[in-house]
1. I need the full set of residues from region 60-103 which are in contact with a His (Cβ under 9 Å, 6 or more places away or on another chain) and assigned to a strand (DSSP E or B), in order please.
2. Scan region 21-30 for residues that are over 13 Å from residue 86 (Cα atoms) and surrounded by 18 or more Cβ atoms within 10 Å (Cβ to Cβ) and report the count.
3. Is at least one residue of region 322-330 surrounded by 16 or more Cβ atoms within 10 Å (Cβ to Cβ) and over 18 Å from residue 182 (Cβ atoms)?
4. Filter region 41-74 down to the residues that are loosely packed, with under 15 Cβ neighbours inside 10 Å and under 16 Å from residue 85 (Cβ atoms), then identify the one that is modelled with the lowest pLDDT.
5. Please pick out the residue among 203, 237 that is at pLDDT 95 or above, closer than 27 Å to residue 278 by Cβ and assigned to a helix (DSSP H, G or I).
6. Does residue 125 count as farther than 23 Å from residue 352 by Cα and touching a residue at least 24 places away in the same chain (Cβ under 8 Å)?
7. On the basis of being at pLDDT 95 or above, acidic (Asp, Glu) and within 15 Å of the chain's Cα centre (by Cα), does residue 32 make the cut?
8. Does residue 303 count as more than 16 Å from residue 213 (Cα to Cα) and assigned by TED's automatic domain parsing to the domain that holds residue 13?
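The values are calculated or read from the model by the stated rules, or taken from the named source; none is laboratory data. The shown structure was predicted, so the numbers you read here are calculated from the model rather than taken from an experiment. A quick note on method: Cβ atoms are made from the backbone with ideal geometry, for glycine too, and the neighbour counts reach across all protein chains shown.
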Amino acid sequence: MRVLQLIDSLNLGGAERMAVSFANELALSNIDSFLCATRAEGDMKINLLAKVNYLFLDKKGIFDFEAFKKLKRFVVNNEITIVHAHSSSFFFATLLKLVIPSLTLIWHDHYGNSEMLANRNYRILKLCSLKFNAIIAVNNVLKYWSESRLSCNNVFYLPNFVSLNSNSNFSVLLNGDESFRIVCVANMRPQKDHITLLDAFVIVKSKIKKASLHLIGNCNNDFTSESILSKIEDEKIKDVFVLGSQQNVAPLLKQAKIGVLSSVSEGLPVSLLEYGIVGLPVVCTDVGQCKEVVRDFGKVVAKRNSNELADAIIYYLENNKKAQIDGESFHNHIRNEYSFKKINKQLFNIYKTA
């Protein structure tokens, strides 16, 4: 078994993080493991283990013939048998399958807008799915959607996992009192709903003066990120720190008190798993698989409800013992249920039967 993870970029994001984690864990399992970034490199590259064979295509457009020839040569020369394509990389993977029919092609759906599937444009995806040997979905909503909309009979739900192999050195020191730090790991995209989080933080701040909010994730200088930054500045919201994308998130999380997600839509957010693996109590919205992941080990609130979100955050900040107990319980839950060891048998079975 020789497996290639195919991903469009190595920017910080859930799909990118999972592609790197799959490549690393397969390499540690003594599987010949490869990863190819088609369009862009990024901060996730630093997390790729030396045991993983890596290729960057620097693809310039959807039909970059030179990049495609480079990928085909890499696959043939390394005798790769399985292409595990993540998110939008399915198109290049399908072209590869057309010229090398013996390849097993698996598409991994990380779609973050699983609450808004009615708006998903999938015409090209449906055509390409005729060549998929299997589809992996990160939640059951996406699994059902693929079964009902795409042309592939083998569809599996496989939960995201968090790698237990991470560098624990502090890369950045967080500001504020260590007992009142709130952290949110989420790229500045509409579905992450930072605006509701900021509204909730204003309420928190009115009751707990020492509270601070730390935003980690890509800030793309687009309308969404500008709206978030403008709100912080215009409303003079104090003690909000925008850290942007970070190569090593775990050391930052270890300095925080609470992990928060205020999304209006999710698949199965890797951020929640990262909060759990470092033992943070969590507050998140009831979208995607969040409630299934958190269960009774944290607080799950309604989306777009700043008051409910604020109340849950304040509860943990004011109840240190309960925050510690829930954080430890959540940590054990994530280690037991969302590690590679938990899902590897199912993954290998998908690889072998597809």
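1. 84, 85, 86
2. So the count comes out to 4.
3. The answer is yes, given that some residue of region 322-330 is surrounded by 16 or more Cβ atoms within 10 Å (Cβ to Cβ) and over 18 Å from residue 182 (Cβ atoms).
4. This residue is 62.
5. 203
6. So residue 125 passes the test.
7. no
8. So residue 303 fails the test.
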